[in-house]
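The values are calculated or read from the model by the stated rules, or taken from the named source; none is laboratory data. It should be emphasised that the depicted structure is a prediction, and the values quoted were computed from it without experimental measurement. So basically every Cβ, Gly included, is an ideal-geometry build from the backbone, and we count neighbours across all protein chains shown. These area figures cover heavy atoms from the full protein model, side chains too; ligands, DNA and RNA do not enter into them. Shrake-Rupley method; radii C 1.70, N 1.55, O 1.52, S 1.80 Å.
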Protein chains: 2
Amino acid sequence: MLPRGRPRALGAAALLLLLLLLGFLLFGGDLGCKRRKRGGRAGAPGCFPGPLMPRVPPDGRLRRAAALDGDPGAGPGDHNRSDCGPPPPRPSKCELLHVAIVCAGHNSSRDVITLVKSMLFYRKNPLHLHLVTDAVARNILEMLFHTWMVPAVRVSFYNADELKSQVSWIPNKHYSGLYGLMKLVLPSALPAELAHVIVLDTDVTFASDISELWALFAHFSDTQAIGLVENQSDWYLGNLWKNHRPWPALGRGFNTGVILLRLDRLRQAGWEQMWRLTARRELLTLPATSLADQDIFNAVIKEHPGLVQPLPCVWNVQLSDHTLAERCYSAASDLKVIHWNSPKKLQVKNKHVEFFRNFYLTFLEYDGNLLRRELFGCPSQPPPGAEQLQQALAQLDEEDPCFEFRQQQLTVHRVHVTFLPHEPPPPRPHDVTLVAQLSMDRLQMLEALCRHWPGPMSLALYMTDAEAQQFLRFIEASPVLAARQDVAYHVVYREGPLYPVNQLRNVALAQALTPYVFLSDIDFLPAYSLYDYLRASIEQLGLGSQRKAALVVPAFETLRYHFSFPHSKVELLALLDVGALYTFRYHEWPRGHAPTDYARWREAQAPYRVQWAADYEPYVVVPRDCPRYDPRFVGFGWNKVAHIVELDAQEYELLVLPEAFTIHLPHAPSLDISRFRSSPTYRDCLQALKDEFHQDLSRHHGAAALKYLPALQQPQSPARD
Amino acid sequence: MLPRGRPRALGAAALLLLLLLLGFLLFGGDLGCKRRKRGGRAGAPGCFPGPLMPRVPPDGRLRRAAALDGDPGAGPGDHNRSDCGPPPPRPSKCELLHVAIVCAGHNSSRDVITLVKSMLFYRKNPLHLHLVTDAVARNILEMLFHTWMVPAVRVSFYNADELKSQVSWIPNKHYSGLYGLMKLVLPSALPAELAHVIVLDTDVTFASDISELWALFAHFSDTQAIGLVENQSDWYLGNLWKNHRPWPALGRGFNTGVILLRLDRLRQAGWEQMWRLTARRELLTLPATSLADQDIFNAVIKEHPGLVQPLPCVWNVQLSDHTLAERCYSAASDLKVIHWNSPKKLQVKNKHVEFFRNFYLTFLEYDGNLLRRELFGCPSQPPPGAEQLQQALAQLDEEDPCFEFRQQQLTVHRVHVTFLPHEPPPPRPHDVTLVAQLSMDRLQMLEALCRHWPGPMSLALYMTDAEAQQFLRFIEASPVLAARQDVAYHVVYREGPLYPVNQLRNVALAQALTPYVFLSDIDFLPAYSLYDYLRASIEQLGLGSQRKAALVVPAFETLRYHFSFPHSKVELLALLDVGALYTFRYHEWPRGHAPTDYARWREAQAPYRVQWAADYEPYVVVPRDCPRYDPRFVGFGWNKVAHIVELDAQEYELLVLPEAFTIHLPHAPSLDISRFRSSPTYRDCLQALKDEFHQDLSRHHGAAALKYLPALQQPQSPARD
């Protein structure tokens, strides 16, 4: 331990000189900068807290002054605020850092992404994330990381549900629930060869390079195994209110939002038995944990104070309700990790909460695509698929007038499935999910859609990270939408200039969980009865099982903002007769729906079969395992038409349902259709895509594909959307 | 000068020990960390380049190996890559840092904002920006910084046009033009009391805290006055092509994208005469500067090598076309400042360009509002208006159901006027500017609008920083829009949940430069002849000068996506008769335009006067000095109606023009109208706003305001937009 303060200054100087001389002799004149020379972050490490906190005295109580008290910049007490000592050892440039996070459910999955973004923004090292997840979080995060393709980030998943039994016997009152206790079992759950790991709560945000935190491992004594920041509230001092009886802790205790774990030493020390014994004993007199794992960690540490290495408080600035964190930092520049450890999160009251909130929002809204930047200087395994993608992109010809189209087709969009809490529908044999895709400018359709379709929906939303947050607030503000747990929202993050309409449809389709899907568009409102009617029709017709068919839902349109939605086919026909409704695209593009044969539909009492014809693009109900949409069609044009061609080529019958209908509401033309109309290149590129589509069709279906050739060669009218 | 490399290592160590001891004696044992203790960035400073670059040898040529050559991490030659020495002195926590930037025109003004964002993101110190601007940039940046309200940032403007004569005699071929030379005159242009300044090109991006750069001033010897990074290309070595004859320079020369200037010493050394003499002499044999100020700086330095302090190359990583920058950094973590010094900018070819591009995009798209975060720990003068704003916000009652409305009304939006190059219209006495506002979802209206309105337009766009970039690409991709220099686009940055419709209108209105304005909405297309017809009518009626009037342009609507726009009133009436057109909101809200008296308009041959009535909201032409829109109306409802009330209260005549018309195109209902319809609170709040509006009206107009009371008390139908 280095001496502090003026009275000891002379001794300190002497010691430093000695150390420097030693360093010089050892490293040949590099004077302690050897590591950095091997690649450490230039100019970054700087001041180090030196003796992090006073060692725990034998009586087990921390001197309170040491960690939190005193005004900033004051005398010898404030060593916790990253003051100086010799430069700390830093992890070598390309050292792999391990991070473990417990994450369960939809909301924590969103939180953890913000944490990861902040970590990636500042990191200079390859990272290995060890994610202990329930099934929901795993489903979300596996897809997210797979599509994110961040270089030099490895992700491993561990099944939280398998670990539950190890902690479920502990009564716990904390809002994080059972998963809040799971950090206790990490030494046994993580791979035996893993010796060091940083453990983080999902509600922390980095304001600095995580390697600086990792470097603190080097300060552990030979027996220390747990690095922790002191708790920044008076909770563990007790007496916050009458009969407030916290778990035992050293002084203010420690906060477990950020932990440095020496897994090897904990295993060796018999951690599993140790914490269980302590917890069992305390639970004889205490009814439950209040702060989940943190109570137990503190109780263990109180018993075995030698295990803990106190960390500088800036590595876990706790914004709880009655936080004393302000004593920890004197300026914005001191902050390293911010911990939103109040259930109120961003709504917490704090003198600098505006600052913290802006900081958090920075990463909440940060375009995660930008974090795909290469960690150059550190060789690492590219993410799965990244190399092929790089090659395919490299083969594109930038001079090709359709370069933008080809680039967009190859783009791998980050996908965050079930962005909001979602209850999968109970398994029902004829159930049908409405599938559609949208961007921000169609959010206002959602409420009406929910009123018209009481069944499950799977919706892909094309948004930026910032828009995803607006979307979240939009849903929260709508009682209608907030109440619908059977609507799954899948965020596909924007990248590139063209709208990847079919990629979006495929995401929504792949996430539908019922045996049937209704492939709709967001501007349509289905008949109120459609959901029930479709399920009855599916059963009646034996769709999928006895009959390979696509059920056609006839499409209409209104040109009015407000109109009285028909409650029956009779009402619909009446509106049609007075010109308040039209068949869909009656004025601009009747070919798109002509084969539905509206005249026959008027009179039909039973489903009737129709034949495919060029440009037919009806809205259909099909089994979930139907062909996917062709992702080559990006932007405007031929995206649905190609899908119907594929269905016909695969010999799906087209059956029009006599009582089904859906109505298109007016909206402004999309940007893509505007570009299509104004740009001959755009139209030429679409034709090129169609040609290539037909070549593939011929490859798969042989001579049968000839049937579609005339349709594909015919230039598309520029007048539709 | 400190020794370098192994052979001199022993001496270095000894010297270091001495320095440390000295530091200790001076600072009472804090050993070089005193400054940090007083508030420096915790853990940040770290490695320092020590002896930055070898001193220039007497023959005036730099050893090339020293600055750029050699593989990363190699032996003693690579001192330029932030290797180690003793920790550098850092500016004290709240020291004010001065930055000077020359900025002219619309495009550079956009660039400089990205630079400023990156600087603010990492800064820990108060900043004083000294902006040398032309009239265009000043207009843009003054408004921007005024509305940005970033704490601890002061901005001073200097008139570049007044400095022009000092450099205009120098023939210059560089793409930056005359303004590229202006850095030469900073010592005389900046205030005499300013001694230190960092000078930056607009095309640099910070990847680190600017205080680390500022700290390098401390390494200047007593005579050095200019800190520069070596040029990272072979340009100044000459012979890049036949007859390539660069200006004289030491070795590779220096790049002037980032300069540390000791203004005091330059003034003392007779800088003004010094550079002029050198430039005049070189121009006897060289036809012009190729790289603007940089050529002259280099020629002066070649003559007076003692002036220059070479800086570590990471402080100006130059991404020019044939850059050798890769030799400078070995890893992403080394980068401090990135310089896009190719005219190709982001399109430049470079091994790590993807990395650099993502880094740049981070700040290009970064939400500048988030940089309003307080630099707490450093007391500073709040930006003008900030205190009153804080007080007003603090007085709001969070429990008030209309809290969101009141907060939105108080929000000061960042405003970037003339976001794109813009030519003000030539002064014409009866000219009229179309004024409107929009958000991203209406961009597709712009092309059609340009075809319908050949005159000047002033449009406010409500967007995020990221959307503003999409908008830029949208304009660039459209030949129609890119050609129109008379359309001024003013970006108002999004903040808050409600659409600040009237604030947007006021921004567009304030920026209109003609004597008259046509107050339109973005969903309307005016008659092709309207621009000419309005100017003729204004002249004929003596609008503004003889007659205080608002000219009403009758509004119609189509419910079809495509229709043949009428070329005359006759054609319009024919479409009206067949039901292809309606008078505006005929179905949903006829009251809004009923007073226009469409029946009379059919027959009218001359302008006719109409009377105000409740809910009247026509589109009007008025003198530019007309009343502003009431900014309290945010979101949906009463925003235009209130403006017409105000016009009527101020006794504007309402004159309907017999040949004028404008037609509304269909679009989906806005989010705000959806909220209005579904939320009783929203409607109640609107009523509260109306009441308050009426109170203000009574205050201003006395008993005359009684006339409007019934209209204000009548609840608004939830059925309109």
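Listed values, structure above:
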| item | result |
| --- | --- |
| Top positive-direction residue, dipole computed over the range A:415-712 with Cβ charges, set A:L449, A:W601, A:T433 | A:W601 |
| Amide hydrogen neighbours beyond the local backbone of B:G253, cut-off 5 Å, H modeled | B:N231 |
| Distance histogram in 5 Å bins (all Cα pairs of the range B:97-371, percent per bin) | 1, 6, 13, 18, 20, 18, 14, 7, 2, 1, 0 |
| Stokes-Einstein D for the range B:182-254, Kirkwood Rh over Cα pairs, 10 °C, 1.306 mPa s (µm²/s) | 105 µm²/s |
| Accessible-area composition of the range A:415-712, carbon plus sulfur, in percent [1.4 Å probe] | 53 percent |
| Whole-Å distance, taken between Cα centres, linking the range A:398-417 and the range B:468-541 | 33 Å |
| Added length on full extension, which subtracts the Cα-Cα distance from 0.36 nm per residue, B:Y528 to B:D696 | 56.5 nm |
| Size of electric dipole in the range B:415-712: Cβ of Lys, Arg +1 and of Asp, Glu -1, about Cα centre, debye, nearest 20 | 200 debye |
| Heavy-atom accessible area per residue - the range A:415-712, 1.4 Å, Å² | 35 Å² |
| Amide H partners (placed H, <5 Å) of A:L97, local residues excluded | A:L127, A:H128 |
| Debye, to nearest 20: dipole size of the range B:315-447, +1 on Lys, Arg Cβ, -1 on Asp, Glu Cβ | 860 debye |
| Where the Cα pairs of the range A:124-200 fall when distances are cut into 10 Å bins, in % | 16, 45, 33, 7, 0 |
| Simple spin-label estimate for B:R547 and A:N107 in nanometres, 7 Å along Cα-Cβ | 6.3 nm |
| Ascending list, in nanometres, of distances separating the A:R154 label from those of the other copies (7 Å, Cα toward Cβ) | 5.4 |
| Geometric extent, Cα atoms of the range B:573-634 - Rg, Dmax (angstrom) | 14.4, 41 |
| Amide H partners (placed H, <5 Å) of B:R624, local residues excluded | B:Y516, B:V517 |
| Cβ-placed point charges (K, R +1; D, E -1), dipole of the range B:97-371 about Cα centre in debye, nearest 20 | 440 debye |
| Evaluated at q = 0.14, 0.20 Å⁻¹: base-10 log I(q)/I(0), Debye formula over Cα of the range A:92-227 | -0.66, -1.32 |
| More than 27 angstrom apart: percent of Cα pairs within the range A:415-712 | 41 percent |
| Karplus 3J(HN,Hα) series, Hz, for the range B:282-290 with 6.51 cos²θ - 1.76 cosθ + 1.60 (x for Gly, Pro) | 5, 6, 5, 10, 9, x, 6, 7, 9 |
| Listed pairs A:K117/B:K183; A:K124/B:K117; B:K124/B:K336 exceeding 27 Å between Cα atoms | A:K117/B:K183 |
| Label distances, nm, A:D691 versus same residue in remaining copies, Cβ-directed 7 Å point | 6.9 |
| Residue among A:P246, A:S168, A:H128 farthest towards the positive dipole end of the range A:97-371, charges placed on Cβ | A:P246 |
| Using a Förster distance of 25 Å, the FRET efficiency for B:L472-A:E354 (Cβ separation, nearest 0.05) | 0.25 |
| Alpha-carbon gyration tensor eigenvalues x 5, square-rooted, for the range B:269-404, Å | 44, 24, 15 |
| Table column - 3J(HN,Hα) (Hz), the range A:687-699, Karplus curve with 6.51, -1.76, 1.60, x for Gly and Pro | 5, 4, 5, 5, 4, 5, 4, 5, 4, 5, 4, 5, 4 |
| Percent of Cα-Cα distances greater than 18 Å, calculated over the range B:543-660 | 54 percent |
| Probe 1.4 Å, accessible area per residue of the range B:97-371, Å² | 32 Å² |
| Largest-first principal axis extents of the Cα set of the range B:362-456 (Å) | 52, 35, 35 |
| Surface share of carbon and sulfur [accessible, 1.4 angstrom probe, percent] for the range A:170-297 | 53 percent |
| Chains B and A together, accessible area buried on both sides, 1.4 angstrom probe, square angstrom | 7300 Å² |
